[in-house]
Structure formats: structure tokens, C-alpha cells
Amino acid sequence: MKRGALLLLLVGCGARNPAPTAAPTPSGSLEAFAADSIAGLLITRAFNADVALQEPDSLYVEDAEIIANGEPRADAPRIAGIGVDGKIQMGSSRITVTGNFVFGSVEYRWLPHTVGESASEGRATFVLGRTKSGAWRILHLHSSTPPVETIRPARPDSTEHTGRY
């Protein structure tokens, strides 16, 4: 079929089924976008508060569960691997919005201002919820840093087999 005929056929099909006057918006897309943006903002504010050793209680629900490297934390820094002062670099993240909850994970790196102090890397997973008043708050935050590498004893050389087990 030639281009002109195909275009005419498409235009003709459209004439029988007129387009709606306003394009439909997928249900909940604006709410999901807003929740995703708010989640990013809350998590960034939580990291920044930890670097400044501030208590950002307005970011968390009263009984939020905060775990850092397997231990509960109530005071700043609440996120594993974060030290006093320094800078946070956010890495890869995944955020999912479902109704009144947002959950996800983010990779991060803390870079100290002090010369000689080591940088640290970590991963945080979180759950946020919308309160009855409509405000978004952190319900759960779990963060961890990789364990410090330990030196393992060398394995015996296989060429020096003594014949005993």
C-alpha cells in the first residue's frame, strides 16, 4: 500500500471515531509522581541532617524503626557510615509508589572533609507512609555498609601435599 493511501485510510478511521476533547490521564499518575518526588526529598533531608548531626524528627513518624548495620538507632547519625561533617553523594536508587506508601532503596557515599579519614559507602532501604493529615513521613529506614575486609589466612599450597589429612 502506498503512503498516501495509508494516510487516507488512517484519517478516515479517525473520522468515524472522533478523539475525545481532553486526553485521558492515567489514574494516580500525578499522585505517584508527587509521592516519588517527596520521597526523594525526605531521604535527602535525612542524609543531610545526619551529616550535620541534627535531629530531623519531623521527617520520621514518632515510632519509626531505624536500623544501622543491624543495630537500632535513635540519635543522629541514624544512617550507617555517616560521620560528622563531610558530604553525601547519592547513587543509584529505586523507588516504588503504591497508594499511601513509598518504598525503595538508595546507594550512597559519605565523603569526609577531614584529611586522612576514610570515605564510606552504604545502601539504605526505606518505607514512607502518608499520615492521616496527608504528610509523608519515614516509617522505616534500614542502612548498612559493607564489612571491613579482613585478611584471611593463606591456604596451604597444593603442591606441598604431605599425604596426611
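The values are calculated or read from the model by the stated rules, or taken from the named source; none is laboratory data. Quick caveat, the model's predicted, so the values are computed rather than measured. Glycine gets a Cβ as well: all are built from the backbone with ideal geometry, and neighbour counts include every protein chain shown. SASA here: full protein model, heavy atoms, side chains in, ligands and nucleic acids out. Shrake-Rupley method; radii C 1.70, N 1.55, O 1.52, S 1.80 Å.
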Q | Segments classed as strands (runs of 3 or more DSSP E), wholly inside the range 32-116, with at least 3 members that are farther than 27 Å from residue 132 by Cα | A | 87-98, 101-111
(Q) Just the residues that are loosely packed, with under 14 Cβ neighbours inside 10 Å and over 13 Å from residue 39 (Cβ atoms), please, taken from the range 122-138. (A) 131, 132, 133, 134
(Q) Go through (1) modelled with pLDDT under 80; (2) in a strand (DSSP E or B) for residue 24 and report which single condition fails. (A) (2)
Q.
Here's a check for you: in the range 76-90, which residue that is closer than 29 Å to residue 32 by Cβ and not aliphatic (A, V, I, L, M) is least open to solvent (accessible area, probe 1.4 Å)?
A. 78
(Q) For the structure I just gave you, tell me whether residue 47 is surrounded by 14 or more Cβ atoms within 10 Å (Cβ to Cβ), within 26 Å of residue 32 (Cα to Cα) and touching a residue at least 40 places away in the same chain (Cβ under 8 Å). (A) yes
Q) Restricting attention to the range 90-124, which residues are free of Cβ contacts under 8 Å to residues at least 24 places away in the same chain and of a type in the set (Ser, Thr, Tyr)? A) 92, 96, 98, 105, 118
Q: Would you be able to tell me the number of residues in the range 91-107 that are in contact with a Ser or Thr (Cβ under 8 Å, 6 or more places away or on another chain) and open to solvent by less than 60 Å² (accessible area, probe 1.4 Å)?
A: 4
**Q.** Extreme residue, most open to solvent (accessible area, probe 1.4 Å), among residues of the range 53-75 that are among the aliphatic types (A, V, I, L, M) and in contact (Cβ under 8 Å) with a residue 12 or more places away in the chain
**A.** 53
